[in-house]
Amino acid sequence: MHYALHPRTFVYSHYFHLGLRFAIGLVAITLLTLRLSDSATAMTVCIGALCTALMDMPSPLRHKFNEMLASVVLCGGVTLLISLCSPVRPLLLTMLVLVSFFASMMVVYGKKSMPLQLAALFIMTMSMEHRMTPPQAFAHTALFLAGGLAYLAYSMAVSWFQRHRIKQQVLAEALFELAAYIDIKADFYDTRYNLSEQFNKLVRQQSLLADRQQASRDLILRSYGNSKDAIVVQVHVCMLDLYEMILSTHTDYAQLRQHLADSPVLGALHDLAYKAARDIEAVAYAVTRKRASYARIDYETQWLAIEAEVQSLQRRGAAGEPTAEALAVLRAQRNKIRAILTAIGELHLASQKVYAATPFWSGADMAPFLSQQKYEARMLLANLRLDSPVFRFSLRVAMAISAGLLIADHLPYAAHSYWIVLTIVIVLRPTFSMTKQRRGDRIAGTIIGCLLTALVIRFVHSQAAILAILFLATVATPTFIYLRYRYAAIAVSMMILLQMHLLAPGNPNLIAERLIDTFVGAAVATAFSFVLASWEYQSLPRLMRQVLDANLLYMQASFALLQGRCRDDFAYRIERKHLMDSLAALSAALMRMLDEPASKRRAVEDINLFIVQNYLLVAHVAALRAILLRHAKDLPAAEVNQMLAASHLRICATLAQAIRGQGGAPELPAPMPVQAHAADWSGWPLVRRRVRLLQADADKIIVHSAAIAQAA
């Protein structure tokens, strides 16, 4: 379950705060306009505010202002254009198709442009029903702009007062996702769970975690000028350090299960990880409530069980039993988990007060860690080609809306074509899997919303009570739109139908007609989702190349850090972020491909293993770093660096070979013999074993990348 859906955390989440801000602003602007004018004027102003509110998302203040202002200007232009063309039916239809196409082309700018596309198509849909003279069109547009600018001013004012609060909420979300990540790691110690399935779950959660961590970076690292912001930055940096340590806990779980299957220590390791996740959740919960966090979880029972097993293995080893491997793995896990629990303690401390010493990030250039959003015309022009997925999506939307308008003109009842078009706009998404998911949520949500509205109209006769329900639906719509779209579909159906009921009561066919219109719109969107479709397998070569390129750069930065050839880990952190982002993109493409028809799926198992192997390389590097730090005493730097340099050469050659599409592991000279004093170093067997695993997993990447290239 998503943390924000839990009753304990729901009211503290930024999702609920967004819904509350949205509803209060929309209702206040509408009521103020009603007090000064008539209901028609209030409705136009309300729609202007609504279109601007669709862009009201957690963002740095400057970005939020630019995004919402772009919505006001673009939607105002669409309103004027459609209103001027409305008296001439052929011209109107032409403009509807063109606006649909160009609004959908904005998806090229990424995830943040999706609400802008929806806002433009929404106001296009709402404006096409009205026949206006030019003076009326300009007056209508002026009212729309007034509503949009009013909501912009309101939202910016509220966001400025809550600028620190939103940072806390977004940071808390990243912490909750990190706790969920550890919960999955905990189940690796439970023999009831299949290891391959656990790796798949772990990689999917890692993609989600990377997205939440990036949202946290974008808000927190852009500005941190006061003590409150400093605490948030401290917690954020501690979270990233903790994540690095958690990555290092990857081990040979199959070997651990094989040697310790009959021992209670696996249960102790599971419980220890589970408690660590709850400890992180406690920090996240404290952050959402604007409080300092204090450690309250006791790990003593689990530590005693682990220490008892270590001593038991030592005794059995002394008696001649082959326990050396199990003992080495268990000790390594014990040490790593101890470091993680220490880091969780530092996470608690970071939430309590500002560090006395100057932190390493003070004065550092954080730009490489932040999302760089550029809205350049050349990007749009570069995608005006038939092989561009965005261009094909835009054509699909334009054709689907044309078909929806044609069907609406021939329905036997007085159809509201805007509802059909609106359903098409909402359901038809850039990818087949997104359309499939949205269609199911839209239909189910509309049916439930219509049934609930029918019950309200039938049994609730107090206008004040209906208005209260309408307000709750208005709060719920933006709250759930990114959490559970089905809930948002229920809320938006109730919101629109109750508004219609209040404005024009007594229509017995209101709900039935809206249901039919929804089914028609969903059917049209489904049919056109196959037209000029861009299937996920077509993007696999590009996404794989991005992963391999990012991994090559990450390995270069990693070995430079491990060999002490750089002053700090700044470059390492940047390249790790880029690699995780590329893995998240490939993992998301795989998940979408699984929702597509079976004939459009390619090399599913190999893609999954390719993602896992690249992820394991990150885990091995994190483990190597932890080993070198833990065994820093008497470290034979020359010999260790010699081994790391040889490994670096081999792995980079392997990744370069995978990029070129060649199979087989590269042939490299044999490693130099180990000096006696180096072999006596306590960390030598651990480093050597981890390097061997790193190279083996790198070699597997070639196998899977070749299989994927052949299948695609």
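Descriptive notes on the structure:
- Taken as Cα centroids, region 509-532 and region 622-650 sit 61 Å apart, rounded to the nearest whole angstrom.
- Computed over the Cα atoms of region 536-711, the ratio of the radius of gyration to the Kirkwood radius (Rg/Rh) comes to 1.03.
- Two-site label geometry, Leu208 and Thr301: point separation in nm, points 7 Å out along Cα→Cβ: 2.8 nm
- Panel note: the C-alpha atoms of region 389-532, placed on their principal axes, show extents of 50, 37, 18 Å (largest first).
- Zone of Leu380's modelled label, taken as backbone nitrogen in region 87-107 under 20 Å from a point 7 Å along Cα→Cβ: 94-107
- Here the calculated FRET efficiency for Trp160 and Leu5, from their Cβ-Cβ distance with R0 = 25 Å, stands at 0.30, rounded to the nearest 0.05.
- Between Leu472 and Arg660, residue separation times 0.36 nm minus the direct Cα-Cα distance comes to 62.0 nm.
- Correct choice for log10 I(q)/I(0) by the Debye sum over Cα atoms at q = 0.05, 0.11 Å⁻¹ that was computed from the model, options (i) -0.38, -1.22; (ii) -0.45, -1.26; (iii) -0.30, -1.23: (iii)
- Residues Lys353, Lys112 arranged by fewest to most Cβ contacts within 10 Å: Lys353, Lys112
- Label-point separation, Ser462 to Asp595 (7 Å along Cα→Cβ), nm: 4.1 nm
- For region 163-359, the Kirkwood estimate of the hydrodynamic radius, built from every pair of different alpha carbons, is 17.8 Å.
- Whole-Hz ³J(HN,Hα) from phi, Karplus 6.51 cos²θ - 1.76 cosθ + 1.60, for region 631-640, glycine and proline x: 10, 5, 5, 6, 5, x, 4, 5, 5, 5
- Peptides 94-100, 422-428, 244-250 ordered by average Cβ neighbours within 10 Å, highest first: 422-428, 244-250, 94-100
- Fully extended contour minus Cα-Cα distance, from Asp387 to Asp252, at 0.36 nm per residue: 44.2 nm
- Distance (nanometres) between label positions extended 7 Å along Cα→Cβ at Ala40 and Leu532: 3.8 nm
- The P(r) of region 91-164 has a tail past 15 Å containing 68 percent of all C-alpha pairs.
- Most tightly packed first, judged by the mean number of other beta-carbon atoms within 10 Å of their residues, the peptides 258-268, 616-626, 594-604 read 616-626, 258-268, 594-604.
- Whole-angstrom gap from region 39-112 to region 177-221, using each part's C-alpha centre: 37 Å
- Kirkwood-Stokes translational diffusion coefficient of region 1-149, alpha-carbon pairs, 4 °C, 1.567 mPa s, µm²/s: 79 µm²/s
- You can think of it this way: the chain between Asn66 and Ile516 has 158.1 nm of extra reach, that is 0.36 nm per residue less the Cα-Cα gap.
- Applying both filters, DSSP loop and at most 10 other Cβ atoms within 10 Å, to the trypsin sites (Lys or Arg not before Pro) of region 283-328 gives Arg296.
- Centroid-to-centroid separation of region 113-129 and region 469-494 [C-alpha atoms, Å]: 18 Å
- For the chain, the 222 nm mean residue ellipticity estimated from helices alone, with every DSSP H stretch of n ≥ 4 adding -39500 (n - 2.57) and the total spread over all residues, rounds to -25500 deg cm²/dmol.
- Per principal axis, descending, Cα span of region 466-537 in whole Å: 49, 29, 13
- For Met434, Met43, Met68, the sequence from fewest to most other C-beta atoms within 10 Å is Met434, Met43, Met68.
A short reminder: the numbers here are calculations on the coordinates, not readings from a lab. As the structure is a prediction and not an experimental result, all values here were calculated from the model. Counting neighbours? That spans all protein chains shown, and the Cβs are built from the backbone with ideal geometry, glycine included.
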